[in-house]
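Below you'll find the structure, written out as structure tokens, and then a few comments.
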Amino acid sequence: MVDQIRGEPVGVELTRVAKSYGAVPAVRGVSLAIEPGEIVSLLGPSGCGKTTTLRIVAGLERPDAGEIRIGRALVNTLPPWKRNIGMVFQSYALFPHMTVAENVAFGLRMRGVAGATMDQEVAAALAQVRLGGFGERRPSELSGGQRQRVALARAIVTRPSVLLLDEPLAALDRQLRESMQIEIREIQRAVGITAIFVTHDQEEALTLSDRVVVMEDGRIVQSGTPAEIYERPRTRFVSDFVGFSNVLDGRVAEGGRELGTVTLTAGRLVPVSLAPDIAPGDEVDVVVRPEKVWVAAAHEAVPTAGHAFPGTITHSVYMGALTYHHVAVEGVGRVVAMVPNVEPATSGTLAVGSAVLVGWRPESALAFRRNDPGARAAS
Amino acid sequence: MSTAVSGSTDAVPMASQRRVRDVSRLMPLALLAPGIVVIGLGLVWPIAAMLAVSLQDKFPDATRVTLEHYGTVLSDPYFLRIIGRTFALATVVTVIAALVGYPVAWYLARSNSRWKHLVFLGVIAPLMVSIIVRMIGWTIILGNEGLINAVLRALGAIDEPLRLMQGFWSVVLGLVHILLPFMILSIAAVLGKIDRSYAEAANILGANPVRTFLSVTLPLSVQGIASGSVIVFCISVGVFVTPIMLGRGQVAVLAITIQEQMVVLVDWPTGAAAAMVLTAGTLVVLGLYGMFIRRHARR
């Protein structure tokens with residue numbers, strides 16, 4: 001049986017879990033250990049198996065193979081109503097024939113909590129999501145954000161061992177999503193609950209999690225802290241999925257150690273960071289994130305030691321807090337650089353058409369072997 | 001109706017615009033006309049005529065307007081027994097159809113089985129066969145020399161044939177058979193639209209399948225039960241052929257009595273009054289249904 005100790009977070013462990021729908025594999029051998037109290041996101045494009053994995057933890061799907069443990073208990077054959085789990089559905093799934101208070105009370109009623117105790121706990125849960133006084137409303141009378149919070153209150157009021165969230169913020173507009181991210185995080189910490197959430201939004205995964213698990217094609221391709229996933233993607237897929245990058249193709253000129261050089265197809269030799277298994281002569285894609293690229297007016301001093309390439313700004317996209325400069329660099333190609341607008345963007349030292357120098361630290365440029373999704377960057 | 005042109009603020013509307021407006025005004029009317037004519041001629045006019053007849057002391061050759069026929073229908077034990085039986089029959093048929101139909105509707109709405117289409121065909125197939133043919137089918141099964149009695153007799157379970165064919169319950173059986181498709185299709189239509197995440201959410205909140213059904217799925221599908229029940233009830237309350245054929249004259253219902261009053265006893269006003277009572281009963285059920293739907297829609 002699942003540990004029923006209230007308020008005591010438990011771990012979740014998946015061991016070589018697999019699930020197919022007919023002949024179509026959805027999850028192929030996922031192993032993942034989640035620490036008590038940790039908040040982990042499953043990140044990936046649709047069809048990568050993240051939702052199926054979550055539903056297997058919930059007990060809504062039976063795995064074909066593998067083991068699922070919640071706390072120390074093996075729960076493979078335990079139906080969802082005995083798992084003591086809380087879940088927020090993408091559609092929220094608030095019962096439309098019940099009031100907000102009845103929705104929140106549902107899980108308590110199923111556990112035999114009734115009367116004044118139940119009312120108190122419902123009120124406390126609604127207060128926690130800042131919806132005190134909304135108890136008598138119907139879900140249809142609430143806004144999207146309010147429904148989301150009711151779903152969250154309903155999921156945590158029973159003090160579940162694990163909280164599961166399936167794309168919890170996908171239906172909300174951007175501003176609301178950002179404030180809900182913070183709110184979910186705070187509630188998760190306050191309740192001290194182990195949480196797993198599924199998302200296809202890299203920003204959400206980075207903001208909300210202690211650990212990000214990137215999935216592709218039914219498998220885990222990388223698991224790590226948000227910074228590890230973002231700064232040290234292990235594969236080209238992970239790199240592409242967690243943010244925009246400049247991609248430059250070339251051939252390794254100098255390797256065999258952590259830092260090396262790549263001769264770009266466009267001509268220039270650039271410094272990069274290499275995985276141990278990439279050797280001179282290998283065809284690679286060099287991936288550089290826009291914020292790792294510095295831009296300086298040609299007459300200014302170079303900010304850091306190392307390479308600097310002359311180029312011309314062809315196009316600028318002003319975003320308020322920052323500006324994306326598209327720079328045509330001779331022998332490299334088009335490089336997008338993100339520049340925070342420390343000085344007013346109107347001051348105009350980096351105008352379209354101006355000659356500039358661009359560069360990056362060698363460790364910011366990751367070389368991945370081309371056409372090899374398993375290629376590893378330096379770590 | 002004419003929003004397409006009403007936005008025009010030209011000081012002098014052109015002739016062509018006026019024509020467009022005229023057409024756009026007449027169009028809905030033209031489309032509604034056939035329906036209005038059919039409903040008017042087929043429903044409103046006969047009911048109005050029946051109401052008029054029921055208020056005359058005799059028909060034809062009325063001399064005064066009177067409520068005495070209503071008095072007869074609503075106080076005579078003979079009529080009261082028939083009214084009671086008619087509404088009891090319709091109620092029993094509705095309840096049984098709902099109980100029997102719900103699981104089938106569930107199967108149609110939720111199953112992924114490849115037999116599902118066959119079951120669906122089986123559900124609607126009876127609608128393709130004339131009521132008379134189906135009733136004769138039941139006669140063959142239930143009759144004194146019918147299938148059930150023949151089997152029981154061959155097995156030595158009975159000596160005398162069971163009289164399966166003349167009671168209230170054989171009529172109930174026949175009506176449930178006829179009307180079940182309406183109930184099943186009404187419920188299945190609603191069940192099919194209920195998002196499965198509701199049941200999953202209930203499961204995760206600790207409700208086992210029985211509690212999930214009772215506290216989530218059933219309340220969410222009650223609208224399908226209600227509309228199916230209204231159809232079944234309103235048809236059952238006015239049935240004529242089935243009680244005659246399966247009741248062997250022992251199960252008198254209002255429709256039969258009305259026909260007897262008018263055609264056999266040639267007492268049109270009393271028959272018309274009985275018909276108005278039947279209509280009023282049906283309208284009450286429809287009114288309750290309307291109230292229910294309005295309350296439900298507010299959620």
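Read through the list (1) at pLDDT 85 or above; (2) farther than 29 Å from residue B:164 by Cα; (3) β-branched (Val, Ile, Thr), then give the number of the only condition that residue B:95 fails.
The one condition residue B:95 does not meet is (2).
Name the residues in the stretch B:172-199 that are over 30 Å from residue A:91 (Cβ atoms) and touching a Ser or Thr at 6+ places or on another chain (Cβ under 6 Å), would you? Lay out the reasoning, then the answer.
So the first thing to find is which residues in the stretch B:172-199 are over 30 Å from residue A:91 (Cβ atoms), and the list is B:172-182.
Within the stretch B:172-199, B:174, B:175 qualify.
For the stretch B:201-235, which residues satisfy the criterion of being under 9 Å from the mean Cα position of the chain (by Cα) and aromatic (Phe, Trp, Tyr)?
Within the stretch B:201-235, just B:233 meets the criteria.
From (1) within 14 Å of another protein chain (Cβ to nearest Cβ); (2) within 21 Å of residue A:178 (Cβ to Cβ); (3) hydrophobic (A, V, I, L, M, F, W, C), pick out the condition that doesn't hold for residue A:131.
The single condition residue A:131 does not satisfy is (1).
Has the stretch A:145-152 got any residue that is of a type in the set (A, V, I, L, M, F, W, C), over 20 Å from residue A:51 (Cα atoms) and crowded, with 19+ Cβ neighbours inside 10 Å?
Quick first cut of the stretch A:145-152, residues of a type in the set (A, V, I, L, M, F, W, C) only: A:150-152.
Imposing the further condition that a residue be over 20 Å from residue A:51 (Cα atoms) reduces the set to A:150.
Of the ones still in play, those that are also crowded, with 19+ Cβ neighbours inside 10 Å are A:150.
Yes; the residues of the stretch A:145-152 include at least one that is of a type in the set (A, V, I, L, M, F, W, C), over 20 Å from residue A:51 (Cα atoms) and crowded, with 19+ Cβ neighbours inside 10 Å.
Applying the selection to the stretch A:32-61, what residues are over 15 Å from the mean Cα position of the chain (by Cα) and more than 14 Å from every other protein chain (Cβ to nearest Cβ)?
Within the stretch A:32-61, A:32, A:33, A:34, A:35, A:36, A:37, A:47, A:53 meet the criteria.
Does at least one position in the stretch A:315-325 carry a residue that is surrounded by fewer than 18 Cβ atoms within 10 Å (Cβ to Cβ), outside the structural domain of residue A:232 (by TED's automatic domain parsing) and over 24 Å from residue A:354 (Cβ atoms)?
no
Which one is surrounded by the fewest Cβ atoms within 10 Å (Cβ to Cβ) among residues in the stretch A:97-126 that are assigned to a helix (DSSP H, G or I) and within 8 Å of another protein chain (Cβ to nearest Cβ)? Break it down into steps so the answer makes sense when it comes.
Filtering the stretch A:97-126 down to residues assigned to a helix (DSSP H, G or I) leaves A:100-110, A:115-126.
Narrowing further to those that are within 8 Å of another protein chain (Cβ to nearest Cβ): A:106-107, A:110.
Details: A:106: 25, A:107: 26, A:110: 19.
Restricting to residues being assigned to a helix (DSSP H, G or I) and within 8 Å of another protein chain (Cβ to nearest Cβ), the top hit is A:110.
Residues B:228, B:167: which one is surrounded by fewer than 18 Cβ atoms within 10 Å (Cβ to Cβ) and within 30 Å of residue B:283 (Cβ to Cβ)? I'd like the intermediate steps shown before the answer.
Values: B:228 fails: surrounded by fewer than 18 Cβ atoms within 10 Å (Cβ to Cβ).
Of the residues listed, the single one that is surrounded by fewer than 18 Cβ atoms within 10 Å (Cβ to Cβ) and within 30 Å of residue B:283 (Cβ to Cβ) is B:167.
Among the residues of the stretch B:34-75 satisfying the criterion of being of a type in the set (Val, Ile, Thr) and over 21 Å from the mean Cα position of the chain (by Cα), which is nearest to residue B:272 (Cα to Cα)?
Taking the stretch B:34-75 as the starting set, the residues that turn out to be of a type in the set (Val, Ile, Thr) are B:36-39, B:44, B:47, B:53, B:63, B:65-66, B:72-73.
Imposing the further condition that a residue be over 21 Å from the mean Cα position of the chain (by Cα) reduces the set to B:36-37, B:53, B:63, B:65-66, B:72-73.
Values: B:36: 24, B:37: 23, B:53: 6, B:63: 17, B:65: 14, B:66: 13, B:72: 12, B:73: 10 Å.
So, considering only residues that are of a type in the set (Val, Ile, Thr) and over 21 Å from the mean Cα position of the chain (by Cα), the one nearest to residue B:272 (Cα to Cα) is B:53.
Could you grab the pairs with beta carbons closer than 8 Å, sequence gap of 6+ or different chains, first residue in the stretch A:114-131 and assigned by TED's automatic domain parsing to the domain that holds residue A:179, second one modelled with pLDDT under 95 and of a type in the set (Phe, Trp, Tyr)?
A:126/A:134
Write out, first by first residue and then by second, each pair whose Cβ atoms fall under 6 Å of each other, whose residues are 6+ apart or on separate chains, and whose first residue, in the stretch B:244-267, is surrounded by fewer than 20 Cβ atoms within 10 Å (Cβ to Cβ) while the second is polar (S, T, N, Q) and assigned to a helix (DSSP H, G or I).
B:267/B:261
Looking at residue A:28, is it out of contact with any Gly (no Cβ under 7 Å at 6 or more places or on another chain), in contact (Cβ under 8 Å) with a residue 24 or more places away in the chain and away from chain B (no Cβ under 14 Å)? Walk me through it before giving the result.
On the way: out of contact with any Gly (no Cβ under 7 Å at 6 or more places or on another chain): no; in contact (Cβ under 8 Å) with a residue 24 or more places away in the chain: yes; away from chain B (no Cβ under 14 Å): yes.
In short, no.
Return the total of residues in the stretch A:71-86 being closer than 19 Å to residue A:192 by Cα and more than 13 Å from chain B (Cβ to nearest Cβ). Break it down into steps so the answer makes sense when it comes.
As a first pass, look at the stretch A:71-86 and keep what is closer than 19 Å to residue A:192 by Cα: A:71-72, A:83-86.
The next check asks that each one be more than 13 Å from chain B (Cβ to nearest Cβ); those that pass are A:71-72.
Result for the stretch A:71-86: 2.
Let me spell it out: the conditions are (1) more than 14 Å from every other protein chain (Cβ to nearest Cβ); (2) crowded, with 22+ Cβ neighbours inside 10 Å, and residue A:64 meets all of them except one. Which number is the exception?
The one condition residue A:64 does not meet is (2).
Does residue B:269 satisfy being out of contact with any Gly (no Cβ under 8 Å at 6 or more places or on another chain) and more than 30 Å from residue A:159 (Cβ to Cβ)? Reasoning before the result, please.
On the way: out of contact with any Gly (no Cβ under 8 Å at 6 or more places or on another chain): yes; more than 30 Å from residue A:159 (Cβ to Cβ): yes.
Judged against the criteria, residue B:269 is a match.
Of the residues that make up the stretch B:218-238, is at least one under 30 Å from residue A:60 (Cβ atoms), of a type outside the set (A, V, I, L, M) and free of Cβ contacts under 8 Å to residues at least 24 places away in the same chain?
Looking through the stretch B:218-238, at least one residue is under 30 Å from residue A:60 (Cβ atoms), of a type outside the set (A, V, I, L, M) and free of Cβ contacts under 8 Å to residues at least 24 places away in the same chain.
Which of the residues belonging to the stretch A:175-189 are over 15 Å from the mean Cα position of the chain (by Cα) and in contact (Cβ under 8 Å) with a residue 40 or more places away in the chain?
A:183, A:187, A:188
What do you reckon, is residue A:234 over 12 Å from the mean Cα position of the chain (by Cα), in a strand (DSSP E or B) and more than 23 Å from residue A:294 (Cα to Cα)?
Working: over 12 Å from the mean Cα position of the chain (by Cα): yes; in a strand (DSSP E or B): no; more than 23 Å from residue A:294 (Cα to Cα): yes.
Taking the combined requirement at face value, the residue does not satisfy it.
Go through the stretch A:262-303 and tell me which strands (runs of 3 or more DSSP E), entirely inside it, have 1 or more residues that are closer than 15 Å to residue A:367 by Cα. First the steps, then the outcome.
Details: elements: A:269-273, A:283-288, A:294-297.
The strands (runs of 3 or more DSSP E) meeting that bar are A:269-273, A:283-288.
Residue by residue, here is whether (1) surrounded by 19 or more Cβ atoms within 10 Å (Cβ to Cβ); (2) among the hydrophobic types (A, V, I, L, M, F, W, C); (3) under 30 Å from residue A:134 (Cα atoms) holds:
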{"position": "A:166", "(1), (2), (3)": "yes, no, yes"}
{"position": "A:178", "(1), (2), (3)": "no, no, yes"}
{"position": "A:184", "(1), (2), (3)": "yes, yes, yes"}
{"position": "A:190", "(1), (2), (3)": "no, yes, yes"}
{"position": "A:194", "(1), (2), (3)": "yes, no, yes"}
{"position": "A:197", "(1), (2), (3)": "yes, yes, yes"}
{"position": "A:209", "(1), (2), (3)": "yes, no, yes"}
{"position": "A:217", "(1), (2), (3)": "no, no, no"}
{"position": "A:263", "(1), (2), (3)": "no, no, no"}
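With A:212, A:247, A:221 as the choices, which residue is closer than 30 Å to residue A:126 by Cα, part of a strand (DSSP E or B) and in contact (Cβ under 8 Å) with a residue 12 or more places away in the chain?
Details: A:247 fails: closer than 30 Å to residue A:126 by Cα; A:221 fails: closer than 30 Å to residue A:126 by Cα.
Going through A:212, A:247, A:221 in turn, just one is closer than 30 Å to residue A:126 by Cα, part of a strand (DSSP E or B) and in contact (Cβ under 8 Å) with a residue 12 or more places away in the chain: A:212.
Looking only at the stretch B:281-299, count every residue that is under 23 Å from residue B:171 (Cα atoms) and free of Cβ contacts under 8 Å to residues at least 60 places away in the same chain and tell me the total. Before the answer, list the steps.
In the first step, residues of the stretch B:281-299 are kept if they are under 23 Å from residue B:171 (Cα atoms); the result is B:281-282, B:285.
Restricting the remaining residues to those that are free of Cβ contacts under 8 Å to residues at least 60 places away in the same chain gives B:282, B:285.
Qualifying residue count, the stretch B:281-299: 2.
A quick yes/no check of all residues on (1) in contact with a helix residue (DSSP H, G or I) (Cβ under 6 Å, 6 or more places away or on another chain); (2) at pLDDT 85 or above; (3) surrounded by 15 or more Cβ atoms within 10 Å (Cβ to Cβ); (4) not assigned by TED's automatic domain parsing to the domain that holds residue A:364:
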residue	(1), (2), (3), (4)
A:274	no, no, yes, no
A:287	yes, yes, yes, no
A:298	no, no, no, no
A:303	no, no, no, no
A:306	no, no, no, no
A:312	no, yes, yes, no
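Given the condition within 12 Å of chain B (Cβ to nearest Cβ) and either touching a strand residue (DSSP E or B) at 6+ places or on another chain (Cβ under 6 Å) or among the β-branched types (Val, Ile, Thr) (or both), answer yes or no: does some residue in the stretch A:140-152 qualify? So that I can check it myself, show each step before the final result.
Here is the first cut: in the stretch A:140-152, the ones within 12 Å of chain B (Cβ to nearest Cβ) are A:140-141, A:150-151.
Adding the requirement that they be either touching a strand residue (DSSP E or B) at 6+ places or on another chain (Cβ under 6 Å) or among the β-branched types (Val, Ile, Thr) (or both) leaves A:150-151.
Checked the stretch A:140-152: at least one residue is within 12 Å of chain B (Cβ to nearest Cβ) and either touching a strand residue (DSSP E or B) at 6+ places or on another chain (Cβ under 6 Å) or among the β-branched types (Val, Ile, Thr) (or both).
Provide a single number: the residues in the stretch A:87-96 that are within 22 Å of residue B:221 (Cβ to Cβ), within 7 Å of chain B (Cβ to nearest Cβ) and buried (at least 18 other Cβ atoms within 10 Å of the Cβ).
Filtering the stretch A:87-96 for residues within 22 Å of residue B:221 (Cβ to Cβ) gives A:89, A:91-96.
Now drop any that are not within 7 Å of chain B (Cβ to nearest Cβ), which leaves A:89, A:91, A:93, A:95-96.
Cutting the leftovers down to buried (at least 18 other Cβ atoms within 10 Å of the Cβ) gives us A:89, A:93, A:95.
The total comes to 3.
Filter the stretch A:244-268 for residues that are among the charged types (D, E, K, R) and over 26 Å from residue A:324 (Cα atoms); which is nearest to the chain's Cα centre (by Cα)?
The qualifying residue nearest to the chain's Cα centre (by Cα) is A:258.
The values are calculated or read from the model by the stated rules, or taken from the named source; none is laboratory data. Worth saying up front: this structure is predicted, and the values here are computed from it rather than measured. Glycine gets a Cβ as well: all are built from the backbone with ideal geometry, and neighbour counts include every protein chain shown.
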